[in-house]
There are 2 protein chains.
Amino acid sequence: MKVEILAVGTELLLGNIVNTNAQYIATRLADLGIDVYHQAVVGDNSERLLKAYEQAFERADLVITTGGLGPTKDDITKEVAFDYFGKTAILHEDILKTIEEYFKKINKDMVESNKKQAYFPEDAIILNNKVGTAPGCIIESNNKILIVLPGPPKEMKPMFEDCVVPYLMKYQDGVLASKVLRVIGVGESATAEIIEDIIDTGKNPTVATYAKDNEVTIRLTSKAKTEDDAFELIKPVEEEIKKRLGIAVYAEGDVSLEDTVGKILIENNLTISTAESCTGGLLASKLINYPGISSVFKEGAITYSNDSKIKRLKVKKETLEKFGAVSSQVAAEMAEGIAKVTNSNIGLSTTGIAGPSGGSLEKPVGLVYIGLYIKGEVRTKELHLTGDRQRIRNTAVIRAIDWLRIELLRKQ
Amino acid sequence: MKVEILAVGTELLLGNIVNTNAQYIATRLADLGIDVYHQAVVGDNSERLLKAYEQAFERADLVITTGGLGPTKDDITKEVAFDYFGKTAILHEDILKTIEEYFKKINKDMVESNKKQAYFPEDAIILNNKVGTAPGCIIESNNKILIVLPGPPKEMKPMFEDCVVPYLMKYQDGVLASKVLRVIGVGESATAEIIEDIIDTGKNPTVATYAKDNEVTIRLTSKAKTEDDAFELIKPVEEEIKKRLGIAVYAEGDVSLEDTVGKILIENNLTISTAESCTGGLLASKLINYPGISSVFKEGAITYSNDSKIKRLKVKKETLEKFGAVSSQVAAEMAEGIAKVTNSNIGLSTTGIAGPSGGSLEKPVGLVYIGLYIKGEVRTKELHLTGDRQRIRNTAVIRAIDWLRIELLRKQ
C-alpha cells in the first residue's frame, strides 16, 4: 500500500508553524511497515486542494490529511474531499450531540458555525475527537482511501493512535513488534559502520539508526503471526548489536540517560553533588529531569567566578593561578570540593570555554574538563567540543553524565 | 512570482527528522512578500524526484529544494535537476579547491566521492557553503528558476540569507525592511487581541505575531523605494504597538530575555546569585546563556533537599516545617539567603512542584513560588503553571527572569 501525507493550512505555507504532524505520522507509518513516498502542504484554497487530492491519488492508494477541520469558512479539507469523491454530506445528529456536550464540558457556548463539524457522507467512518470539537473521518471509494484528521497535534495524535492505527492494521498480514536501543558516546556514522552488515541485510527485523541530541537510537522492527513471535525474531539481532556496541548501549525503549544514571545512583544508595562552571546549571538540571533523583541529589553549585570556586568549593587559589580556571587540576579540585563540602559520595564538575569569546590558541573555545570524584578517588577528562555556546554546553553535560554512568557500571 | 519548496530526503519521509527548513524558508519568503502555494517532500529516488520537479514547475515559476547534496550515491537532487533541465555538469576546479580547503581546515581527508559536489552546469550560479562541503546552485532556464540548497539547517540558513535573499530581491520592486518586537508575559491570543485592528488593517507595514517558548514575536514588514523610507513606514506602527503593550515588549530584533536582563544588571553594576529548587539549575543556565554575565553572576545554588536549603541558604527549619518547602515563605528565605551568603545585590529563587508526582489538593503540580531579593527588600510571586515537568520548569524560569527584568526597570 502506498500512502501520502497531505497537510492543509495556510499557516504552514507562511511558516507560522512547523509541520510536526507529518513527522509524527511518517514515523508511525514506518513503524507499521507502510511506505510513504510523498508529503505535501497546501493552503486553505479549494482549487489548489482539489488538485492536490487528484495528484496524491494518482500516486497513492491512501492519503492522510491533517488540518482544515475547524468551524470557519476557511476550513475546507472535508468539503473539498467530499466533492472530490462526489459524496453528499448530511448532518449526523449523534455527532452534533457529542460536540454540544463537549462545549458544555468546557463551559462555553457552541456557536452556529460548529454545526459544520457534524456533516459527513452517510457511508463515512467517523473518527471521534477526544480533545477537541472536530471529528475526523475515513472515506473508502473506488479502491482509494482518504483519512481526514484534525490539525492540532494534541487532537491528531490520539485520533491517529486510537482510530487510524487499528484501521491500518487490517491491511497488514501479521503483527509488528519494535524495540529501541539507545546509544551514547558513539556517533551515528560510527554506529552505522559497526552494525553496517546488520542494517544492510536486515529484513525481519529491519534495523535503522537515528541521531538526535548527542545520542543515537537504533530501532529494530519485525513482523510475525503473533507479537511473541515478532519479539523472538528481534532477540538474536538485538543481542548481536549489544555485543558489538557494548557499554555504549545505555538503555532500551523510552528511557533517558539521566533516568539510567539516576536509577544506578538510587539502587546503590550513592549521593551526588555537582559543581559547574561553563555548563552553568545545565548538568544539575539534566540530572534533575529524573523525578526520582531527589533522594540522592544533595546539592548543585554554579561557581562561575574564581572567587566562588575558592569560597564554595575550596579550590586552591594557587591552582587557579598556576593552571587557570579551565584546567584538569581545577576540575579535579571542584569535583572533590563539592563532594566534601556537601558530604556526598560523588562529585561531578565541569569547567571549560563555551565561547563565543574567551578562547586562546592554547585553550580554544570548546575545551572542557570534567572532574569526577567517587569515594576518595578523583579523575578528570579533557574534551574538545565543536559548535556554538549552547551546543558545547549541552554536549559537555551529556559527556559528563555518560562518563559517570560508565564509571558507576565499572565499579559495580 | 509563484514559489514552491521541495524538500528531498528519505529521512523526512520516514519521519526521522522534522522539516524545519520548509518553515524557515516559508517565513523568509513571506517576509519578502513572495507567495508560496505548495510545499512537498520526496525521497532520494530519481524517478519520483523527476516527477516532483515536473509537477512543481507546472504550478510555480521558482522552486527551492533542500537536501540531497551530500557526497554519496543516494544524494541525487542536483543530478536529477540537471537531467530535468537537460544540462551537462562539469567539474569546477575552483569549487573543488574550496572543498579541499574545507577538509584541510577541519583536519580530515577528503574522500573521492566528495568530488561529486564540485560538478555543476557551466551556466549555473554556484552558491558558496560557509559551513559545509556542499555548494548550492541556481539554474535559470526557459523562464523557470531552480534554487538548490543543502539539507542541514546550519548550512542552508546562511546560504539562504547570504545568496538567495539578495537574488530574490532582484524580483522585488522596492526594498523591504522588517523589524521584530519581542513580547513576554502576554500570550499570543491576548497580544493579537490588543493589536487586532493593527494586524487586520496593516498593509504596509504588515504585522504578524508568532508564539514560541513562552514568548510572542511581532514582525513588522514594509516595502518602499529605499530602506530608510521603509523603516519610516514602520516607525509610527511600531510606536503604537509599544504604547499598547508597554513593558511587555522586552526587546527588539535578535535579543533574548537573558541578554536584556544581563545588560541591565551589568549597566547598573548589580551582582546576582540564584537559589533553585524545582528548576534545578535551569534558571542559572538561562542567565548564563548571556556570555557577558560573568562579571555580575556570583553563584548559583541548586538546593533540592530541605537539608541543603537549611545548610547552604540558611532557610529556617521552622519555616520549612510550618509552611513546607513549596511556600512563599521558603522562596523568600531562599532568595534572601543566597544573596547574603554570596554577598550579592540580588537573590532570585524558585521552589515548586514540577510533577509528575508530588502534588496534592492544596499544593497541586504546577504551583511554583519565585522569591526576589533586591538590596534589602524581598518579595515573592505565586505561579500556577500547566504542562509536563519540563514545561513547568521552563515556564517558571522565564517568569522568574521576566519578573526580575520588570523590577529592575521599575527601580531605575
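A few points about this structure:
- For the protein assembly as shown, share of DSSP beta bridges that run antiparallel, in % to the nearest 5: 65
- Charge sum, other residues only, whose C-beta stays under 10 Å from residue A:1's C-beta, Lys/Arg counted +1 and Asp/Glu -1: -1
- At 7 Å out from Cα toward Cβ: residue B:104 inter-copy label distances (nm, ascending): 7.8
- Sorted ascending by nearby beta carbons within 10 Å, beginning with the fewest, A:159, A:334, A:110 become A:110, A:159, A:334.
- For chain A, built as a Gaussian network whose Cα springs stay under 10 Å, the top-fluctuating residue of A:105, A:179, A:243: A:105
- Phi-derived couplings, Karplus 6.51 cos²θ - 1.76 cosθ + 1.60 at θ = phi - 60°, listed residue by residue for the range B:93-108: 4, 5, 5, 4, 5, 4, 5, 4, 5, 4, 5, 4, 4, 8, 6, 10 Hz, with x used for Gly and Pro.
- Unsatisfied cross-links (Cα-Cα over 30 Å) in the set B:2/B:154; A:108/B:212; A:73/B:157; A:179/A:375; A:87/A:157: A:73/B:157; A:179/A:375
- Relative protection proxy for B:21-30, B:262-271, A:353-362, from highest mean packing down: B:21-30, B:262-271, A:353-362 (other beta-carbon atoms within 10 angstrom).
- Most to least packed among B:404-411, A:344-351, A:308-315 [average Cβ atoms within 10 Å]: A:344-351, A:308-315, B:404-411
- Proximal aspartates and glutamates to residue A:130, defined as alpha-carbon separation beneath 17 angstrom and excluding residues fewer than eight positions away on the same chain: A:94, A:100, A:101, A:155, A:161, A:162
- With R₀ fixed at 60 Å, the C-beta to C-beta distance from residue B:252 to residue A:269 puts the FRET efficiency at about 0.70.
- GNM on chain A, alpha-carbon springs under 10 angstrom: the most fluctuating residue among A:328, A:113, A:46 is A:113.
- Sum of -39500 (n - 2.57) over DSSP H runs of 4+, divided by residues of chain A (222 nm, nearest 500): -12000 deg cm²/dmol
- Antiparallel bridge percentage (DSSP; both residues within the range B:257-411; nearest 5): 60
- Candidate cross-link partners of residue B:203 among the aspartates and glutamates, defined by an alpha-carbon separation under 19 Å and a same-chain spacing of 8 or more, comprise A:11, B:31, B:35, B:173, B:193, B:227, B:228, B:229, B:232, B:238, B:239, B:240.
- Gyration tensor (alpha-carbon) shape descriptor, the range A:1-90, a/c threshold 1.5: oblate
- Antiparallel content of DSSP bridges confined to chain A, in %, to 5: 65
- Surrounding net charge for residue A:94, when Lys and Arg each add one and Asp and Glu each subtract one, Cβ distance under 15 Å: -2
- Order of A:180, A:341, B:330 - criterion: other Cβ atoms within 10 Å of each residue's Cβ, fewest first: A:180, A:341, B:330
- Peptide A:18-26 is shielded by partner chain Cβ atoms: per residue, an average of 6 of them sit within 10 Å of its Cβ.
- Pairwise label distance in nanometres, residue B:229 with residue A:104, each label 7 Å out on the Cα-Cβ vector: 6.2
- Between residue B:295 and residue B:323, the C-beta separation translates, for a Förster distance of 60 Å, into a calculated FRET efficiency of about 0.95.
- Of interest is the spacing of the C-alpha centroids, which for the range B:139-163 and the range B:311-332 amounts to 58 Å.
- Cα gyration tensor shape for the protein assembly as shown, rounded if a/c is under 1.5, else prolate or oblate: rounded
- A simple spin-label model places the labels of residue A:142 and residue B:375 7.8 nm from each other, with each point 7 Å out along Cα-to-Cβ.
- Net charge of Cβ neighbours under 9 Å - reference residue A:219; Lys, Arg +1; Asp, Glu -1: 0
- Between residue B:94 and residue B:131, the modelled labels are 2.5 nm apart [label points 7 Å from Cα along Cα→Cβ].
- Global geometry of the range B:2-169, whether rounded, prolate or oblate, following the gyration tensor of its Cα atoms and the 1.5 cut on a/c: rounded
- Taking chain A as a Gaussian network of alpha-carbon nodes connected by springs under 10 Å, the highest mean-square fluctuation of the residues A:108, A:97, A:316 belongs to A:108.
- All lysines inside 16 Å of residue B:309 as judged from Cα atoms, apart from same-chain residues fewer than 8 positions distant: A:298, B:317, B:322, B:340
- Karplus (6.51, -1.76, 1.60) ³J(HN,Hα), θ = phi - 60°, over the range B:157-170, in Hz, Gly and Pro reported as x: 4, x, 5, 4, 5, 7, 10, 6, 4, x, 5, 5, 4, 4
- Fully extended contour minus Cα-Cα distance, from residue A:242 to residue A:172, at 0.36 nm per residue: 22.2 nm
- Residues A:191, A:20, B:260, B:274, arranged from fewest to most other Cβ atoms within 10 angstrom of their Cβ, appear as A:20, B:260, A:191, B:274.
The numbers here are math on the coordinates, done by the rules we state, and not lab data. A quick note: this is a predicted structure, and the numbers were derived from the prediction, not measured. Methodologically, a virtual Cβ is constructed for each residue, glycine included, from the backbone with ideal geometry; neighbour enumeration extends over all protein chains shown.
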